[in-house]
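Only one structure is covered here, and it is reproduced in the block below.
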Amino acid sequence: MAENLLQAPERDAIEAFLRQSDSGNGERPSYERLLGFLSGVVITPGHFMPSEWLQPLLDLNGIVFDNIDDANRFMGALMPLYNRVNAARLRNENLCPFNLSEAPDLDVAQRLATEWGMGLHGALILRAEIWAPEEGKARHIPEELLEEVQVFIPFLWALAEPDSIPEIVPDPVPFQRNLLSQGPGWQEDMLRDEWDEELIELFKLFCLGRLGATTSALQRYAKAYEKGVHAHASTLPIPRKSAKVGRNEPCPCGSGLKFKKCCGA
């Protein structure tokens, strides 16, 4: 578990920006949601440059800068956190920072874990062609692993958009029979044919309980995806190296920041 990421040194600086932000739907953005988004960026295989994910991250958290100095201060905290998350990935740690079975305050832990899952989902949908490939587009992924991820991805969707649960799982009966029927006092006449608020909340809890397993599957999928891409790339001509970028020069990713404040952090 990457529990230390919840208390990363950059947290205070990032939360200072979040306190001034508005996500646009009346909700206060959270550090956990931002951390989940960064985790999704880091997990996603391929060259996922800041120019592709930075603005969606800012939009998700309602962050708007008044001037370039604010932007530089934010990036000065964000990129070290990004590197910290990536280092945890390289150590093969599960990036999900929550273990709900050990949470001292379960209600708080569930709320924060939901925020993290929402952020993770927000990053993954930016590369839907990787995480939900069309049939035949991911032949280098073991079929069993591909099927596992296709089962887990909707759990994140359910956390991010609970109103979509009836669309994700049109028939609530199997969910009730397979899981709720194991609880004490269950009777067959308690089955409901349609989703209601109580069932939706129970399904969200079900998804939260599998957040760690979901993240593990995503990380294993990403490694397999990268391995397949590299195997294919080894048969292609080796590209010429580009000129070295100075630390004070504009970052080549197109973010508009200096290289040392962005990809060179």
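The values are calculated or read from the model by the stated rules, or taken from the named source; none is laboratory data. From a predicted model like this one, the values you see are computed outputs, not experimental measurements. Glycine also receives a Cβ, built like all others from the backbone with ideal geometry; neighbour counts cover every protein chain displayed. Keep in mind that these areas ignore ligands, DNA and RNA; they rest on the heavy atoms of the full protein, side chains included. Shrake-Rupley method; radii C 1.70, N 1.55, O 1.52, S 1.80 Å.
Among the residues of region 108-123, count how many are in contact (Cβ under 8 Å) with a residue 60 or more places away in the chain, open to solvent by 10 Å² or more (accessible area, probe 1.4 Å) and out of contact with any Asp or Glu (no Cβ under 8 Å at 6 or more places or on another chain). Outline the logic, then answer.
From region 108-123, those in contact (Cβ under 8 Å) with a residue 60 or more places away in the chain are 110, 112-123; that's our starting set.
Next cut, open to solvent by 10 Å² or more (accessible area, probe 1.4 Å) only: 110, 112, 114-115, 118, 121-122.
Imposing the further condition that a residue be out of contact with any Asp or Glu (no Cβ under 8 Å at 6 or more places or on another chain) reduces the set to 110, 114, 118, 121-122.
Of the residues in region 108-123, 5 are in contact (Cβ under 8 Å) with a residue 60 or more places away in the chain, open to solvent by 10 Å² or more (accessible area, probe 1.4 Å) and out of contact with any Asp or Glu (no Cβ under 8 Å at 6 or more places or on another chain).
Pull up region 19-41, narrow it to residues that are buried (at least 20 other Cβ atoms within 10 Å of the Cβ) and over 11 Å from Val85 (Cβ atoms), then point me to the one that is modelled with the lowest pLDDT. Before you say what the answer is, go through the steps one by one.
From region 19-41, those buried (at least 20 other Cβ atoms within 10 Å of the Cβ) are 29-41; that's our starting set.
Among the residues that remain, those that are also over 11 Å from Val85 (Cβ atoms) are: 29-33.
Working: Pro29: 84, Ser30: 93, Tyr31: 96, Glu32: 96, Arg33: 95.
Filtering region 19-41 for residues that are buried (at least 20 other Cβ atoms within 10 Å of the Cβ) and over 11 Å from Val85 (Cβ atoms), the one modelled with the lowest pLDDT comes out as Pro29.
Can you spot a residue in region 75-86 that is over 18 Å from the mean Cα position of the chain (by Cα), farther than 23 Å from Ile43 by Cβ and touching a residue at least 24 places away in the same chain (Cβ under 8 Å)?
First, the residues of region 75-86 that are over 18 Å from the mean Cα position of the chain (by Cα): 75-77.
When the remaining residues are screened for being farther than 23 Å from Ile43 by Cβ, the result is 76.
Next, from what is left, pick out any that are touching a residue at least 24 places away in the same chain (Cβ under 8 Å): 76.
Checked region 75-86: at least one residue is over 18 Å from the mean Cα position of the chain (by Cα), farther than 23 Å from Ile43 by Cβ and touching a residue at least 24 places away in the same chain (Cβ under 8 Å).
Regarding region 183-195, can at least one residue be identified that is closer than 29 Å to Arg139 by Cβ, surrounded by 12 or more Cβ atoms within 10 Å (Cβ to Cβ) and modelled with pLDDT under 95?
Of region 183-195, the ones closer than 29 Å to Arg139 by Cβ are none.
Checked region 183-195: no residue is closer than 29 Å to Arg139 by Cβ, surrounded by 12 or more Cβ atoms within 10 Å (Cβ to Cβ) and modelled with pLDDT under 95.
Out of the residues in region 190-206 that are among the acidic types (Asp, Glu) and outside any loop (DSSP other than H, G, I, E, B), state the one that is farthest from Leu100 (Cα to Cα). First the steps, then the outcome.
Taking region 190-206 as the starting set, the residues that turn out to be among the acidic types (Asp, Glu) are 193-194, 196-198, 201.
Next, from what is left, pick out any that are outside any loop (DSSP other than H, G, I, E, B): 197-198, 201.
Values: Glu197: 22, Glu198: 20, Glu201: 16 Å.
Within region 190-206, the match that is farthest from Leu100 (Cα to Cα) is Glu197.
Suppose we filter region 164-189 for residues that are part of a helix (DSSP H, G or I) and free of Cβ contacts under 8 Å to residues at least 12 places away in the same chain; how many remain? Show your work before the answer.
Step one: filter region 164-189 for residues part of a helix (DSSP H, G or I), giving 164-168, 173-178, 180-182, 188-189.
With free of Cβ contacts under 8 Å to residues at least 12 places away in the same chain added as a condition, the list becomes 164, 167, 174, 178, 181-182, 188-189.
Of the residues in that region, 8 qualify.
Quick one: which of Ala160, Ala213, Ala217, Ala222 is on the phi < 0 side of the Ramachandran plot, touching a residue at least 40 places away in the same chain (Cβ under 8 Å), surrounded by fewer than 16 Cβ atoms within 10 Å (Cβ to Cβ) and of a type in the set (A, V, I, L, M, F, W, C)?
Values: Ala160 fails: surrounded by fewer than 16 Cβ atoms within 10 Å (Cβ to Cβ); Ala217 fails: surrounded by fewer than 16 Cβ atoms within 10 Å (Cβ to Cβ); Ala222 fails: surrounded by fewer than 16 Cβ atoms within 10 Å (Cβ to Cβ).
Selected residue: Ala213, the only one of Ala160, Ala213, Ala217, Ala222 that is on the phi < 0 side of the Ramachandran plot, touching a residue at least 40 places away in the same chain (Cβ under 8 Å), surrounded by fewer than 16 Cβ atoms within 10 Å (Cβ to Cβ) and of a type in the set (A, V, I, L, M, F, W, C).
Could you please give the count of residues in region 124-150 that are β-branched (Val, Ile, Thr) and open to solvent by 20 Å² or more (accessible area, probe 1.4 Å)?
Of region 124-150, the ones β-branched (Val, Ile, Thr) are 125, 130, 141, 149.
Add one more test, that the residue is open to solvent by 20 Å² or more (accessible area, probe 1.4 Å), and what stays is 125.
Residues in region 124-150 being β-branched (Val, Ile, Thr) and open to solvent by 20 Å² or more (accessible area, probe 1.4 Å): 1 in total.
Pick out the one residue from Ile168, Ile153 that is closer than 26 Å to Ser30 by Cβ and buried (at least 17 other Cβ atoms within 10 Å of the Cβ).
Working: Ile168 fails: buried (at least 17 other Cβ atoms within 10 Å of the Cβ).
Just a single option satisfies the conditions, and that option is Ile153.
Taking only region 132-150 into account, find how many residues are of a type in the set (Asp, Glu), assigned to a loop (DSSP other than H, G, I, E, B) and under 22 Å from the mean Cα position of the chain (by Cα).
If we filter region 132-150 for residues that are of a type in the set (Asp, Glu), which is where we start, we get 134-135, 143-144, 147-148.
Now narrow it down to the ones that are assigned to a loop (DSSP other than H, G, I, E, B): 134-135.
Still in the list and also under 22 Å from the mean Cα position of the chain (by Cα): 134.
Adding up the residues that qualify gives 1.
Is it the case that some residue within region 52-61 is at positive phi and modelled with pLDDT under 95? Lay out the reasoning, then the answer.
From region 52-61, those at positive phi are none; that's our starting set.
Taking every residue of region 52-61 in turn, none turns out to be at positive phi and modelled with pLDDT under 95.
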